[in-house]
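Just so you know, all these numbers are worked out from the coordinates, no wet-lab data involved. The structure displayed is predicted, hence computed values, not measured ones. Methodologically, a virtual Cβ is constructed for each residue, glycine included, from the backbone with ideal geometry; neighbour enumeration extends over all protein chains shown.
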Amino acid sequence: MAMPAMGGETEAGMEGGMEAGPGTMPAESGAGMTGEIDTDPATGATGAVFMKLVNHGGEADRLVGAESAVATTVELHQSTLTDGVMKMSPVPDIPIPANGEVVLKPGDYHLMLLGLTRDLNVGDEFDVTLRFEKSQPLLLQVAVREQ
Amino acid sequence: MRRVWLVGLIVVLLTLVVTAGCGGPTFKGKLRRSVETAPDFTLTDVHGNPFHLADQKGNVVLLYFGYTYCPDVCPTTLGDFKRVHTQLGDLADRVRFVLITADPDRDTPERLAKYLTFFGDDFIGLVGSAEELQSVYDKYGVFVEKQQAEGSAAQYLVSHTANVFLIDPDGNWRLVYEFGTAPEDMVQDITALLEKS
């Protein structure tokens with residue numbers, strides 16, 4: 001079952017490092033839906049995770065991957081809208097400028113959860129580990145919010 | 001010279017004022033260049049019943065083409081529909097929120113039905129044969145294409161036109177909303193159309 005948008009809250013921000021937090025989206029973004037449990041990564045339920053990544057360091061960095069116990073695979077995707085057509089593609093990384101930020105939001109960059117390993121409902125929380133090219137990994141606590 | 005210039009300016013201003021007053025309500029959505037009867041179609045809803053677009057006259061129809069394996073854009077638009085439904089209050093009874101699948105291979109009626117319950121109990125999901133659906137995509141200028149995703153574990157992704165199409169109570173295809181249009185804008189247009197009909 002296609003999943004809702006979910007926002008992340010970081011457990012610990014880092015001095016001079018990377019910080020992840022709720023994206024700049026309306027408070028009610030993030031849907032609450034029950035996912036069908038389907039561990040086949042090719043046909044499983046999908047979900048999207050949104051967040052804001054803030055780079056406090058003086059060097060540009062990249063989000064290069066993510067993992068979560070709730071999904072068989074977590075991929076980085078980018079949606080692009082051209083002439084009214086929405087196209088989504090996996091990307092190898094998401095760049096974050098030095099002393100800058102990037103917002104993962106609908107119609108743009110997002111994490112895609114493939115092959116959900118359990119149901120996800122509004123109010124549920126789960127962890128996603130974010131891996132960066134330069135910064136230390138970040139543990140992000142994601143809350144499933146009402147769409 | 002100055003007098004001629006001043007007269008010219010007044011003429012221009014008067015023309016602008018006169019034309020601005022004409023043409024009826026200003027819509028937030030993009031007005032179709034030529035407002036005509038919406039192309040009719042018959043598809044099947046999630047309960048197996050036929051859905052004829054022409055039968056919806058008297059109501060506003062919001063049409064969206066999407067699919068249940070779409071992780072960000074479709075839930076966002078359907079979430080917006082949900083907000084529109086709520087904001088309309090009683091007027092929502094005269095609006096049909098319709099999702100036509102862009103992925104008939106995976107969107108079975110059961111799957112579509114379950115997906116829609118998270119957005120609205122009365123939202124309408126439509127399926128059909130590949131030919132029937134393609135005919136509707138063509139009538140509305142909707143681009144749908146399966147994409148094998150290189151470097152992704154997803155079986156495939158579907159690129160699709162993400163606009164919302166509004167058909168007014170007279171059955172005319174009147175407005176188009178681009179992805180990300182605020183629910184309040186749709187509410188404003190729908191209210192204006194229903195109050196006038």
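Quick notes on this structure:
- Judged by the gyration tensor of its Cα atoms, with axes a ≥ b ≥ c, region B:88-140 is oblate; a/c meets the 1.5 cut and b/c is at least as large as a/b.
- Largest first and in whole Å, the equivalent-ellipsoid semi-axes of chain B read 38, 20, 16, each the square root of five times a Cα gyration tensor eigenvalue.
- Length-normalised contact order of chain B in % [C-alpha pairs under 8 Å, at least 6 apart]: 31 percent
- When the Gaussian network model of chain B links Cα atoms closer than 10 Å, the mean-square fluctuations of B:Val176, B:Val84, B:Val35 top out at B:Val35.
- Shape class for region B:45-94: oblate, because the ratio a/c of the largest to smallest gyration tensor axis (alpha-carbon atoms, square roots of eigenvalues) is 1.5 or more and b/c is at least a/b.
- Checking the cross-link pairs B:Lys28/B:Lys196; B:Lys114/B:Lys146; A:Lys52/A:Lys134; A:Lys87/B:Lys139; B:Lys30/B:Lys57 against a 19 Å limit on the alpha carbon distance flags B:Lys114/B:Lys146; A:Lys87/B:Lys139; B:Lys30/B:Lys57 as lying beyond it.
- Summing charges over all other residues whose Cβ lies under 14 Å from the Cβ of B:Pro50, with Lys and Arg as +1 and Asp and Glu as -1, gives -4.
- Gyration tensor (alpha-carbon) shape descriptor, region A:49-128, a/c threshold 1.5: oblate
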